[in-house]
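Taking it in order: structure first as structure tokens, then the write-up.
Derivation of every value follows stated rules applied to the coordinates shown; laboratory data play no part. The structure displayed is predicted, hence computed values, not measured ones. Here the Cβ positions follow ideal geometry from the backbone for every residue, glycine too, while neighbour counts run over all protein chains shown.
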Amino acid sequence: MQHEANEKNAQIIAQNWLRVVDQVEDARVAALRSDPVTIVGVTKYVEAPLAHLLVLAGCHCLGESRPQSLWAKHEWMSEHELAQPDWHMIGHLQRNKVRRTLPMIGCLHSVDSLRLAQTLSSEAERIHTQLPVLVEVNVTQDADKTGLNPEELTAFFEAALPLSGIQITGLMAMASQFSGGAQARREFARVRQLRDEMQQRYPDTPLSQLSMGMSGDFREAIAEGATLVRIGSSLWEGICD
Ligand SMILES: *Cc1c(COP(=O)(O)O)cnc(C)c1O
């Protein structure tokens, strides 16, 4: 029974993955873009064995929004002697969880304060590494959204760029929750514009990454230049954990 369920899930996940890959590719071509778009497979809806099936399907970059869930899956894969995917932390990271999380991840999408940037940098220096990070920016009117406000970006970059344990590679954002296509696209365009402004101001720091777009709005995000799309629910359609 267990084995059969596993086979079935593997098949569904592989189909979902190929469908999403096609959709992302179509959106990239429609946007007349020749640069790659990386799919971050968001695994927060499932347990580690299903996350592993997504890796087997071909998704090598996984994202988690809660550190505890990332730790649990990382640990499960180690226990099973499986190669780790490229783990990306995409949600808020509290400073007291930096030490444990940092060695497991290849990128943090959600730097939202200077204090967090400082903690990340000194911890990365301590273990002789450098962490690629994105700066989360709030371009919506939603009061509950996290991230820096656009007018805070310059001061943030000024203070965070000299931190040698982190490497700022771009911006991350979410569209407002109930916005719909046109509104989401305007918000993503704003993120791109903010990135371009920062790039002009700091030409020596390549800000090539834009992490934006989820299952419901990745087409709009890709049209506005997203290089990382964070896709969860579409990948788990038809799956019961
Ligand atoms: C859950 C989550 C996603 C994925 O959203 P879906 O709509 O399930 O594709 C992307 N980014 C963040 C920060 C998330 O928490």
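Applying the condition of being out of contact with any Lys or Arg (no Cβ under 7 Å at 6 or more places or on another chain) and within 16 Å of the ligand (Cβ to nearest atom) to segment 87-96 and asking which residue is nearest to LEU50 (Cα to Cα) yields TRP87. For segment 196-241, the set of residues classified as closer than 18 Å to TYR45 by Cα and more than 11 Å from the ligand (Cβ to nearest atom) consists of GLY238, ILE239, CYS240, ASP241, listed by residue number.
In the set (1) within 16 Å of the ligand (Cβ to nearest atom); (2) touching a residue at least 24 places away in the same chain (Cβ under 8 Å); (3) of a type outside the set (A, V, I, L, M), the condition left unmet by GLN130 is number (1).
Applying the set (1) surrounded by 16 or more Cβ atoms within 10 Å (Cβ to Cβ); (2) without any contact (Cβ under 8 Å) to a residue 12 or more places away in the chain to GLY170 leaves exactly one unmet item: (2). Here ALA175, ALA226, ALA189, ALA184 are screened, and the one residue that is more than 17 Å from SER113 (Cα to Cα), surrounded by 20 or more Cβ atoms within 10 Å (Cβ to Cβ), of a type in the set (A, V, I, L, M, F, W, C) and without any contact (Cβ under 8 Å) to a residue 40 or more places away in the chain is ALA184.
Evaluated against (1) hydrophobic (A, V, I, L, M, F, W, C); (2) assigned to a helix (DSSP H, G or I); (3) under 15 Å from the mean Cα position of the chain (by Cα), CYS59 falls short on exactly one condition, (2). Here THR119, THR101 are screened, and the one residue that is over 17 Å from CYS59 (Cβ atoms), in a helix (DSSP H, G or I) and within 16 Å of the ligand (Cβ to nearest atom) is THR101.
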